[in-house]
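Comments concern the structure below.
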Amino acid sequence: MIEFRNVSVKKDRAVGRVRRLVAIGMAVPLAAGALVTAGAGSAVAAPGSGPTAVVSMGDSYISGEAGRWKGNSLTDSGSRDGTDRAWNGSSYDPVNVYGATSGGCDRSDSAEVRSAGAIADVAVNLACSGATTANVFRASDGGVALKGEAPQADQLAAVAATDNVKVIALSIGGNDLGFADVIAQCARDYIVWNSYCSDDQQATVDQKIDGAMANVGKSLDEIRAVMRAAGYTDSSYRIVLQSYPSPIPRGAENRYTESGWSRVDTGGCPFWDRDSDWARDSLVPQIAGRLKDVAAAKGAQFLDLRDMLQGREVCATGSTLVSSTASASAKTSEWARWIDSSETQGPLQEDMHPNYFGQLAAGRCLSLIAAQPATAVGFTCRNTAGADRSGMYLAPVS
């Protein structure tokens with residue numbers, strides 16, 4: 001039963017949630033140690049020799065954050081209606097999903113580079129939850145270590161020396177923009193202040209975006225420099241720079257009313273319709289458009305993921321929660337992790353990321369663009385309503 005309450009009661013009830021949402025602001029988007037899905041060559045290989053490799057670099061949207069979850073369920077015990085892949089029958093062990101990077105970079109076994117299929121002999125995941133562009137740069141050029149690991153470009157140098165790198169997929173820039181802080185503020189404004197976040201948060205993004213995109217461009221330059229130093233020509237491999245999907249739907253596509261507590265307690269999507277529309281139709285496209293321009297300027301392919309989760313977002317009318325009567329399914333369940341404001345299911349850093357199903361879809365998108373000519377400028381990747389990852393398809397980027 002949905003219970004409708006006035007704003008003053010809503011504020012009183014929300015105090016604990018706000019403290020947790022502050023933590024979300026520091027942890028939510030964007031996921032560092034390398035996870036190799038097949039053995040890398042043991043001997044130094046010149047470009048064109050050694051096992052072929054596809055490498056992912058960047059933040060949590062490509063590292064595999066939230067790969068633990070197959071949809072969202074309100075059940076807090078056991079396997080949580082089959083959604084919690086960390087359940088081993090008696091306890092929860094996220095290492096089953098994230099391996100040694102659990103609680104850190106959170107490189108999941110379903111991360112995009114591991115879900116892409118037979119793109120190359122070896123799949124190497126260098127991406128890390130929380131990474132900014134500074135964590136991609138070489139240490140010799142201002143790069144910063146993260147979570148005990150060297151900057152990602154320096155890690156790439158080691159991979160390029162042993163494997164024949166053919167594809168490098170990069171997701172970066174969201175943490176430079178403070179995307180997590182935007183989500184946290186919008187949630188606070190819904191739960192506590194009965195106000196909108198879009199106006200002030202748009203101004204904040206506008207202040208940061210030029211610098212962030214300049215650093216995304218530098219990240220691509222750093223990758224090029226590493227590869228050239230390893231003996232690769234620019235045409236011997238491709239870089240795929242990707243944008244970010246929206247984890248929440250437009251207001252009109254939300255299955256819960258914006259009044260009362262259903263979006264907080266049931267759906268895990270505490271956002272006003274107006275702010276949801278802004279995020280889906282202004283913020284995410286703005287970031288995608290700027291990333292597209294950076295890719296074009298630096299000779300990288302562009303993979304636009306803004307529509308990847310359309311109809312599969314948290315609280316979307318096109319998807320449902322998992323329950324005892326509705327099993328986890330890529331065809332009906334949500335493809336993104338909700339905001340667990342009560343913090344009863346896993347760490348907050350997983351919230352608002354593509355989940356297991358979403359990561360399988362992203363992997364399919366990567367495999368589709370890798371099958372295109374390297375000279376193709378870019379594509380947008382979309383899903384087919386009611387289908388699983390096999391329904392992902394490319395369209396020319398606009």
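The values are calculated or read from the model by the stated rules, or taken from the named source; none is laboratory data. Just so you know, these numbers come straight off a predicted model, no measurement behind them. Glycine gets a Cβ as well: all are built from the backbone with ideal geometry, and neighbour counts include every protein chain shown. Protein only, heavy atoms only, side chains kept; ligands, DNA and RNA dropped before computing areas. Shrake-Rupley method; radii C 1.70, N 1.55, O 1.52, S 1.80 Å.
Here the stretch 93-105 is the region considered, the condition is being among the small types (Gly, Ala, Ser) and either in a loop (DSSP other than H, G, I, E, B) or surrounded by 13 or more Cβ atoms within 10 Å (Cβ to Cβ) (or both), and the residue that is farthest from the chain's Cα centre (by Cα) is Gly99.
Mind listing whichever residues of the stretch 300-322 are more than 15 Å from Trp69 (Cα to Cα) and either open to solvent by 10 Å² or more (accessible area, probe 1.4 Å) or of a type in the set (A, V, I, L, M) (or both)? Listed by number, the residues that qualify are Ala300, Leu303, Leu305, Arg306, Asp307, Met308, Leu309, Gln310, Gly311, Ala316, Thr317, Gly318.
For the stretch 236-279, filtered to residues that are among the aromatic types (Phe, Trp, Tyr) and farther than 19 Å from Val182 by Cα, the residue that is most open to solvent (accessible area, probe 1.4 Å) is Tyr256. Would you confirm, using the coordinates I've provided, whether Val226 is aliphatic (A, V, I, L, M), assigned to a helix (DSSP H, G or I), touching a Leu at 6+ places or on another chain (Cβ under 9 Å) and at pLDDT 95 or above? When the stated conditions are applied, Val226 passes them. Is it true that some residue in the stretch 233-243 is touching a Ser or Thr at 6+ places or on another chain (Cβ under 6 Å) and either under 19 Å from Ser398 (Cβ atoms) or part of a strand (DSSP E or B) (or both)? Checked the stretch 233-243: at least one residue is touching a Ser or Thr at 6+ places or on another chain (Cβ under 6 Å) and either under 19 Å from Ser398 (Cβ atoms) or part of a strand (DSSP E or B) (or both). Would it be correct to say that Asp281 is over 20 Å from the mean Cα position of the chain (by Cα) and in a helix (DSSP H, G or I)? No, not satisfied. Within the stretch 111-126, if we keep just the residues that are part of a loop (DSSP other than H, G, I, E, B) and among the aliphatic types (A, V, I, L, M), the residue that is nearest to Leu156 (Cα to Cα) turns out to be Leu126. Residues in the stretch 117-149 that are more than 24 Å from Leu366 (Cβ to Cβ) and of a type in the set (A, V, I, L, M) were compared, and the one that is nearest to the chain's Cα centre (by Cα) is Ala134. Going residue by residue through the stretch 350-371, is there one that turns out to be open to solvent by less than 60 Å² (accessible area, probe 1.4 Å), under 25 Å from Cys269 (Cα atoms), modelled with pLDDT under 95 and part of a loop (DSSP other than H, G, I, E, B)? Within the stretch 350-371, none of the residues are open to solvent by less than 60 Å² (accessible area, probe 1.4 Å), under 25 Å from Cys269 (Cα atoms), modelled with pLDDT under 95 and part of a loop (DSSP other than H, G, I, E, B). Exactly one residue among Ser79, Ser108, Ser90 is in a loop (DSSP other than H, G, I, E, B) and surrounded by 19 or more Cβ atoms within 10 Å (Cβ to Cβ), and that residue is Ser108.
Candidates Tyr190, Tyr196: the one that is open to solvent by less than 10 Å² (accessible area, probe 1.4 Å), of a type in the set (Phe, Trp, Tyr) and either at pLDDT below 95 or on the phi < 0 side of the Ramachandran plot (or both) is Tyr190.
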